[in-house]
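See structure below.
Read-outs throughout are calculated quantities, based only on the coordinates presented, and are distinct from any laboratory measurement. Because the structure is predicted, anything quoted here is derived from the model rather than measured. Note that each Cβ is placed from the backbone with ideal geometry, even for glycine, and that neighbours are counted across all protein chains shown.
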Amino acid sequence: MSELSYSTTSSVIESWERLKRIKNYQEVAGVTVFQRLFEKCPQARVLFGFPIDIDTNSSELLQSKRFLTHAAHMMDMMDAALSMFLGPDMDMLHEIIDELADKHRRYGVTAPMFPVLGEGFLLALETHLGESFFDNKMKEAWKETYSLLSCEMINAMSK
């Protein structure tokens, strides 16, 4: 996996730590991420056991324990991945990515869903941190970081 510049790493860490200060950030930001995924990839709704035509703003979705739990879990996984990716635990990260890739492949997740999920992360960060903090420099740092992580996952899914 490629290395990130100090500037990129520090921007990602700074913004992620700020996001984590928001009460219930896992659920709050996770819902934003998955709403974007469900809006742009309706077939993802079915993977979570929802009808393909469910309204992404409906209370049926937004109050679903399964939806909220998975949204929060995704944010926890991103937190763990960032800690390993931006820290000394790269070998462990590769093992975790391989395991996650195998699970997600079996669930029916496809490579085209990853860029949309990335859009969801950017939207969540911008929405919950504000445009004045989450500026273009920070957005580019996140794009680079997410691209590296998602490419690893996609490559692992194709093994």
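Summary of computed values
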| quantity | calculated |
| --- | --- |
| Extension reserve of the GLN43-ASP102 stretch, reckoned as 0.36 nm per residue once the Cα distance is removed | 19.3 nm |
| Within region 6-157: Cβ-based charge dipole about Cα centre, in debye rounded to nearest 20 (Lys, Arg +1; Asp, Glu -1) | 360 |
| Dipole-positive endmost among MET92, PHE67, MET113 within the chain (Cβ charges, Cα centre) | PHE67 |
| Region 1-57: GluC sites (Glu not before Pro) falling in loop per DSSP and having at most 15 other Cβ within 10 Å | GLU3 |
| Among the listed pairs LYS23/LYS137; LYS23/LYS143; LYS103/LYS137; LYS137/LYS159; LYS65/LYS143, those beyond 28 Å (Cα-Cα) | LYS103/LYS137; LYS137/LYS159; LYS65/LYS143 |
| In Hz, Karplus ³J(HN,Hα) per residue of region 49-55 (6.51, -1.76, 1.60; θ = phi - 60°; x = Gly, Pro) | x, 9, x, 4, 9, 5, 6 |
| For region 101-109, 3J(HN,Hα) per residue [Karplus equation, 6.51 cos²θ - 1.76 cosθ + 1.60, θ = phi - 60°, Hz, x = Gly/Pro] | 4, 4, 4, 5, 4, 5, 6, x, 5 |
| Extended-chain gain in nm, criterion 0.36 nm per residue less alpha-carbon gap, HIS73 and PHE133 | 19.1 nm |
| Read-out Rg and Dmax of the Cα atoms in Å, derived from the coordinates shown; its label in (1) 14.0, 43; (2) 15.3, 44; (3) 15.3, 53 | (2) |
| Under Karplus coefficients 6.51, -1.76 and 1.60, residue-wise ³J(HN,Hα) of region 79-84 in Hz, glycine/proline x | 4, 5, 4, 5, 4, 6 |
| Residue of ASP53, ASP102, ASP76 that the Gaussian network model of the chain assigns the largest fluctuation, springs spanning Cα pairs under 10 Å | ASP53 |
| Net +/- balance of residues flanking MET84 in space, Cβ distance below 11 Å, scoring K and R +1, D and E -1 | -4 |
| Residues PHE133, PHE67, sorted so that the one with the fewest Cβ neighbours within 10 Å comes first | PHE133, PHE67 |
